[in-house]
Each structure stands twice: as structure tokens, then as C-alpha cells.
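Novice: Below: one structure in C-alpha cells.
No lab work stands behind these numbers, since they all come straight from the coordinates. What you see is a predicted model, and the numbers here were worked out from it, not measured in a lab. Ideal geometry is used to build each Cβ from the backbone, glycine not excepted, and the neighbour counts take in all protein chains shown.
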Amino acid sequence: MRRDVFQAIADPARREILELIATNVLTVNQVAENFNVSRQAVSKQLRILKECGLLKVDKKGREKYYSIDPKSFIPAYLWIEKLQAQWEQRIDSFEEYLVKLKKENHDK
């Protein structure tokens, strides 16, 4: 199954995991300590995040250390940035319309 950044961030639990790992390199156990689910459930979410390219894994001995791969967020960032520009234009147009209506009502 082909996974991407949008599939990864669609799930609230995965977003929470990303927030944890964004500031610290963590093992599965360290991530699991922050959730009320099994280690296996956390491992599954970490695997999906890795498949989506959002996490890097560094194996040291028996432990796997997970860290964020920032460049993999670029497609989502670019898409959101595009939407932001479109919505800013719409909001600006709406604000201009409201100012015009207010002025017309004031002039009456």
C-alpha cells in the first residue's frame, strides 16, 4: 500500500506522535508512555509514519530511535500554503465588501 504525508497526518493519534517526536528522539516505549494504548498499537502508528516518510529510524543495539524527517513535510506545507493564499484572497474580498456595505449604510 502506498502511503503519503496526508494519510499520516489525517489520524489524530499519529499527529500527536509527530508532536512528541518533533522535539525529541524517542523509542517505541518512550512514545507509548504518553498513550493509553498498547506498545503494539503505538508500533503500528510509528510504522505508518515511517512508511509515509515522516520519520527516520536509527537502530542502536536492540532499540529503534525515531526522529522527524522534516523534508517529508514539504508536500503538505506547499499544499496548505496554496490554500492559505486562496483563503486570504477570499477573506480580503469579504472584508472589502463589508467595509463598502458599512459605508453605504452610514451614508444613508
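Novice: Name the pairs whose Cβ atoms lie under 9 Å apart, with the first residue in the stretch 1-30 and without any contact (Cβ under 8 Å) to a residue 24 or more places away in the chain, the second surrounded by fewer than 15 Cβ atoms within 10 Å (Cβ to Cβ) and among the charged types (D, E, K, R), and 6 or more positions between them or separate chains?
Specialist: From residues that are without any contact (Cβ under 8 Å) to a residue 24 or more places away in the chain, the pairs are ASN29/ARG39; ASN29/GLU63.
Novice: Further question: Quick one: which residue in LYS64, LYS102, LYS71 is loosely packed, with under 15 Cβ neighbours inside 10 Å and more than 20 Å from the chain's Cα centre (by Cα)?
Specialist: LYS102
Novice: I want to confirm something. Restricting to the stretch 28-42 and keeping residues that are out of contact with any Leu (no Cβ under 8 Å at 6 or more places or on another chain) and loosely packed, with under 15 Cβ neighbours inside 10 Å, which single residue is nearest to ARG14 (Cα to Cα)?
Specialist: Among them, the one singled out is ALA41.
Novice: Among the residues in the stretch 65-78, are any in contact (Cβ under 8 Å) with a residue 12 or more places away in the chain and of a type in the set (A, V, I, L, M)?
Specialist: Taking every residue of the stretch 65-78 in turn, at least one turns out to be in contact (Cβ under 8 Å) with a residue 12 or more places away in the chain and of a type in the set (A, V, I, L, M).
Novice: Give ARG15, ARG47 a once-over and let me know the one that is within 14 Å of the chain's Cα centre (by Cα) and basic (Lys, Arg).
Specialist: ARG15
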